[in-house]
Amino acid sequence: MKKILTVSILLLIGLTVLAGYFFPQALGPILNLVIDWGILLIGTAALIGIGYLIKSHISRVARRDKQSFLSFVLLLAFSATIIVGLIFSFNHPIFTDLMINVQYPVETSLLAVLAVVLLTASFRLISTRGWTPMSIAFLCSAVVTLGLDAGSIYLGTEGAGAEILNFLRRLPMVGVRGILLGMGLGGLIVGLRVLLTIEKPYGE
Amino acid sequence: MTDKLICPECGAENVEDAEFCHFCHADLKGDTTVEFIDPQQNDQDDFGLLNGKEEDLTDILHALKQTEEEAVLADETQEDQLPIDEPEDGFDEGEAQEDEGIPDWLHRIRQRATEEDDSLGEITQKISAAKESLKGDKPEEQHENFESWIEKLRGPVGGFVNKEPDAAASDDAFDEKDEEIQEKEPDWLQKIRVAEGKEIVQDDQESLDHGENSLLNWLAALEDSEEDTAEVGDEPDLVDEDMESESVEIDESAETREIPIDETPLYEAIPPKLTITKEERNQADQLTSMILDENAPRPVRAIKRRSKLGAARFFFAILLILSMSLSLFIGGTTGNQSGPIQPHTAGFLSWISDLEESSSILLVFDYQPAYASEINLVSTPILQSLVSKDSEISLISSSVSGTILQRQLLGEIHALETDSIVDLGYFPIGAYGAFGLGMVTSANWQIVGLPESSKALPDGGFDSILILSDTAEGVRTWIEQLTVLMPDIPISLVVTAQSMPMLVPYFDSGQITGMVSGLNDGVILESELSTGILIGNRRRAYQVGLVMLAAIMVIGAVNAGNQNHEEGGAA
Amino acid sequence: MTFSYEILWIVFSFLLTLMVLSYLLGDNIFFRFASHLFIGVMAGYVVLLISNQILWPYLVRPIVNGTLPGVLWLGIPVVLIFMLVLSQFKGLTWIGSLPLAYMAGLAAAIAVGGAVFGTLLPQSRAIVDSFDPAMWYAVPNQTWFRILDAVLMLVGTVGTLSYFHFGRKRKSMTEEDLEKRPAILEGLSKVGQVFIGISLGAVFAGVFSSSLLALIDRLLFIGQFINNLFRSF
């Protein structure tokens, strides 16, 4: 009975949404409701996930693990954010400043570290991957693209030179289109497998 | 008395007119119907092992006992290999009586039990046959009546635990024999008994009073505990030794029987019939690969390599930061020449120039703070242009930080003071947001009594959509939904340099009208929209960094080529 | 500008930046401190965001301000949410399959619709359109270039697709399995490898460009901070 109910809901929602692509005017209000409920569920799932994160760090602090100090920092930051957010409103400048001044420097610095890591990795590209058609194409394409972006490769803004540059710019799109089609096919197959209940991500 | 067919291959009972064995599917044609002896009437005559309490043994015990045990016990008793208590009701007599009327098939089985190596396999088959028959329509009450028999079968441990001290003292001879038997017992059996005994102690023998007394449960538990022993692997030698041992003693308190077994492992004799699901097979494959991987050789130089890598990273970090700093803080600005304008950039420029005054624009914020510096460089002149055209701006955020970033960006250009900005909220998944938006704009009716929608859309819909995103995947979900549900609304993109290559095909297919990305397009927008200079020296540092990466890639490739050449020469 | 408020945030940002960049010297306590602080703040922020942007507008406000039929409509998501929360308790996991099936059905259908109508059909049509003779002659003196472009696009796309294996993977493909593929497919696959390499090379350059801009931003911030610090003394 439970399985039948689960599959029924899956099929009902899935088929209604698919029908929405063909009859958006007729099914629009219903599907808007369906989407709103889905958003509510996703929000709840995210809250549950955060609950597990906090729970694990509380237990680490309680166990006085080696890294319990860092867990304590995390819990303190979590509590402080909640308290500030509740005292002031979500859109209050103080709360916004707190968020921006933590998120922005940390995330941007992490991305800056990535630049150095990529630089190091690129030096070892061929020695790691060897001379294969793909690695050679990768190397040549990366070097040409970097040269074009840096303005080091300049053949004019008009005429044959510009056409060649445009061709070089356009060349990566060939493979990208294949990759996009591949991703589309992959998404289609996975989606159909779920809708046909071959895959059961909801667990049974 | 009932007439039954006993399978000569596995010993399972079959109905009289059966052509094939229901268990092993052996051909029964040509076998004569044998007289089935009712255990309730003849158990004492059969074996003489059981007292009155076990008189209600069912077919299961017969399947287990009537062939091999009988034969084996007889043989082993004669050989006197182990000290065995004399049965009270005369085992030898019963056995001798039986010998007189031995049918041919039983004789053959006895022969096999003594001569062939796989005789134990047949015992296992009988256990399986007994299980099979239990799965049928036998009532549970039948199994529960084996209490005393199972108690004995569980061995001396339970008995010892529960024995009164006086009773133990008065039964010295019995204990000595038991100890002697225990010494000769294989380790695995002792382990099982210890486990069983422990359970009995813990549960205060409650388990014996309930379903666990069922023979089937006990057999299953016996199998499980053996499997556990093998799986745990804390004493792998035990298992191996068991496999190699030549005999297994089954202690029935005062009655000890020795059953000769071959060297073949018990559970290899008859592969169990397994129904394996796909998930189980995948798990098994994973486990196998993990085990194989566990045994795989590990690179000894891993730590050394890591430190080498750390040093290389430090060197490149210093090199990059120094060169960036020099180009950022020393010298003037560079020219803005960057080659021909790409078609998607030109498309974007024409879109923004063609945009009418007071148009209704949907702005989708789908980027993280890490990319805010890059997105802001490009989008600031665009947003300034939109505000200057008195556009009605609706905001949607599909990234966690989108709500904060949109406020920061619009605050920087003083657009938040205007009344023409509406926040439509946050969508945790871009595709849901796009789909929901498409449905809201398409709908031509309303559900009665439905709560008011949180999406306060402009009356005439949107004239254009501008997506600011840091990932190609995020943009893709928006494009996929919007181009289907809002095909007439032009979509333009402000994206990062990393996501731009993956999105060019959508411009080529006409799904988007234009796209700008990265510092170069920011320079173009600055010059085209004349909104002041934000980029400044960044461009020179950017160029230096790009050239440095290209050079390092080429040097790395040449270096690798040289190494290969040297290694080839050395070989 | 108020000294205590803005300077406080600037110093705070500066310290966080240095802590994260210290990872270039290797993993250390400062980096871990910054990352844990970041995770804690983000977790708290997400809780407030969901409460403020999802639970309030989609659930609480309609219940508080809505009419009876509207509130009754909301009974369905409330039950689903309740089931999702209950499923986190031991022994009640099975209850969660219903809301999960709801989410799975929604996500799968949107993925299928988007993939088919938003990517597969338009991108395939773009390849076909590139063979339209009207497009070849649209720009004078570029006919052969357009034809070459169209052929390249077709061969590259088919090659890239043939490089992927669309099927149920039973075991890792061995050299023998690969040899069993038709020769033409194998040849196209080799061509596809080259085009994939070209595409990934361009993406790599883009990723580096983005991260380089982030590095430039941080260096500018540090430089300005130090500059302001020296000026203040």
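Counting only the heavy atoms of the protein chains, how much of C:Val46 is accessible to a 1.4 Å probe, in Å² to the nearest 10?
30
Based on the Cβ-Cβ distance of B:Asp459 and C:Thr67, what FRET efficiency does E = 1/(1 + (r/R0)^6) give at R0 = 25 Å, to the nearest 0.05? Mind dumping the intermediate values first?
Working: r = 24 Å, r/R0 = 0.96.
E between B:Asp459 and C:Thr67, to the nearest 0.05, is 0.55.
With the cut-off at 1.5 for a/c, could you classify chain C from its C-alpha gyration tensor as rounded, prolate or oblate?
On the way: a/c = 1.94, a/b = 1.24, b/c = 1.56.
Oblate is the answer for chain C, as a/c is 1.5 or above yet b/c matches or exceeds a/b.
May I have the extent of the alpha carbons of segment C:1-65 along their three principal axes, as whole Å values ordered from largest to smallest?
55, 34, 12
What residues in segment B:420-436 lose 40 Å² or more of accessible surface when the other protein chains are added to their chain alone (1.4 Å probe)?
B:Tyr426, B:Pro428, B:Tyr432, B:Phe435
Sorted by accessible area with a 1.4 angstrom probe, largest first, how do C:Leu16, A:Leu171, A:Leu15 fall?
Working: C:Leu16 5, A:Leu171 35, A:Leu15 105 Å².
Per-residue accessible area, sorted high to low, gives A:Leu15, A:Leu171, C:Leu16.
For segment B:460-571, give the magnitude of the charge dipole about the Cα centre (Cβ charges: +1 Lys/Arg, -1 Asp/Glu; no others), in debye to the nearest 20. Intermediate values should be presented prior to the final figure.
Working: 4 positive and 11 negative charges, 71 e Å.
For segment B:460-571, the charge dipole is close to 340 debye.
Could you report the accessible area of A:Cys140 in Å², rounded to 10, computed with a 1.4 Å probe on the protein chains as they sit in the structure?
Spelled out: A:Cys140, probe radius 1.4 Å, area about 70 Å².
Quote the accessible area belonging to C:Lys190 in square angstrom, nearest 10, computed with a 1.4 Å probe and with ligands, DNA and RNA left uncounted.
Here the accessible area works out near 110 Å².
Can you figure out the FRET efficiency of B:Glu473 with C:Phe230, using R₀ = 56 Å and their beta-carbon distance, to the nearest 0.05? Each step should come with its number before you reach the end.
Details: r = 44 Å, r/R0 = 0.78.
Taking R0 as 56 Å, the efficiency between B:Glu473 and C:Phe230 is 0.80.
Quick one: which bits of segment C:53-68 get at least 30 Å² less accessible when the partner protein chains are in, versus the chain alone, with a 1.4 Å probe?
Residues shielded by partner chains are C:Gln53, C:Ile54, C:Leu55, C:Tyr58.
Could you list, in their original order, any pairs among A:Lys55/A:Lys200; B:Lys278/C:Lys190; A:Lys3/A:Lys55; A:Lys2/C:Lys90; A:Lys2/A:Lys200; B:Lys278/C:Lys90 whose Cα atoms are separated by more than 22 Å?
A:Lys55/A:Lys200; B:Lys278/C:Lys190; A:Lys3/A:Lys55; B:Lys278/C:Lys90
Is segment C:84-130 best put as rounded, prolate or oblate by its Cα gyration tensor, with a ≥ b ≥ c the root eigenvalues, rounded for a/c under 1.5, and otherwise prolate when a/b is larger than b/c, oblate when not? Write down the numbers at each step before the final one.
Details: a/c = 7.61, a/b = 6.33, b/c = 1.20.
Taking the square roots of the gyration eigenvalues as a ≥ b ≥ c, segment C:84-130 is prolate.
Considering only protein heavy atoms, with the full assembly of protein chains and a 1.4 angstrom probe, order A:Glu163, B:Glu412, B:Glu526 by accessible area, largest first.
On the way: A:Glu163 60, B:Glu412 105, B:Glu526 25 Å².
Greatest to least solvent exposure: B:Glu412, A:Glu163, B:Glu526.
Once the Cβ-Cβ distance between C:Leu92 and A:Ile87 is put in as r, and R0 is 45 Å, what FRET efficiency do you end up with, to the nearest 0.05?
On the way: r = 36 Å, r/R0 = 0.79.
So, using R0 = 45 Å, E works out to roughly 0.80.
How far apart, in nm, are two points set 7 Å out from the Cα along the Cα-to-Cβ line at B:Lys278 and at C:Arg181?
Computed distance between label sites B:Lys278 and C:Arg181 equals 2.3 nm.
For segment A:53-204, what % of the accessible area comes from carbon and sulfur atoms, probe 1.4 Å? Provide the component values of the computation, followed by the final result.
Values: 4660 of 6810 Å².
Answer for segment A:53-204: carbon and sulfur cover 68 percent of the accessible area.
Within segment A:148-163, find all residues whose amide N lies under 15 Å from a label point positioned 7 Å from the Cα of C:Gln142 along Cα-to-beta-carbon.
Taking a point 7 Å out along Cα→Cβ of C:Gln142, the residues of segment A:148-163 whose backbone N falls under 15 Å are A:157-163.
May I ask you to compute the full-extension gain from C:Trp56 to C:Glu6, defined as 0.36 nm times their residue separation minus their alpha-carbon distance, rounded to one decimal in nm?
The C:Trp56-C:Glu6 span can extend by a further 14.8 nm.
Of the peptides A:53-62, B:367-376, how do they stack up when ordered by the mean number of other Cβ atoms within 10 Å, highest first?
Values: A:53-62: 15.2, B:367-376: 25.1.
Those peptides, ordered most packed to least, come out B:367-376, A:53-62.
Rank C:Trp144, C:Trp136, C:Trp73 by accessible area, highest first, at a 1.4 Å probe radius? Please report the intermediate quantities before stating the final value.
Numbers: C:Trp144 200, C:Trp136 50, C:Trp73 85 Å².
Per-residue accessible area, sorted high to low, gives C:Trp144, C:Trp73, C:Trp136.
Report, largest value first, the span of the C-alpha coordinates of chain A along each principal axis, in whole Å.
65, 52, 39
For segment B:497-517, list whatever residues lose no less than 50 Å² of accessible surface once every protein chain is in place, relative to that chain by itself, with the probe at 1.4 Å.
B:Gln498, B:Pro501, B:Met502, B:Pro505, B:Asp508
Where the centroid of each part is defined by its Cα atoms, how far is segment A:174-204 from segment C:1-45 in Å?
40
State in Å² the accessible area per residue of chain A; use a 1.4 Å probe, count heavy atoms of protein chains only, and round to the nearest integer.
Working: 9000 Å² over 204 residues.
Per-residue value: 44 Å².
For a test of the definition: using alpha carbon positions, the gyration tensor, and the 1.5 limit on a/c, classify segment A:52-147 as rounded, prolate or oblate. It would help to have the intermediate numbers written out before the result.
Working: a/c = 4.34, a/b = 1.98, b/c = 2.19.
In terms of gyration-tensor shape, oblate.
Normalising by the residue count of chain C, find the relative contact order in percent from Cα pairs under 8 Å and 6+ residues apart.
12
The values are calculated or read from the model by the stated rules, or taken from the named source; none is laboratory data. Note that the coordinates shown come from a computational prediction; the quantities given were computed from them, not determined experimentally. Note that we place each Cβ from the backbone using ideal geometry, even for glycine, and neighbour counts take in every protein chain shown. Just the protein is used for accessible areas: all its heavy atoms, side chains included, with ligands, DNA and RNA removed. Shrake-Rupley method; radii C 1.70, N 1.55, O 1.52, S 1.80 Å.
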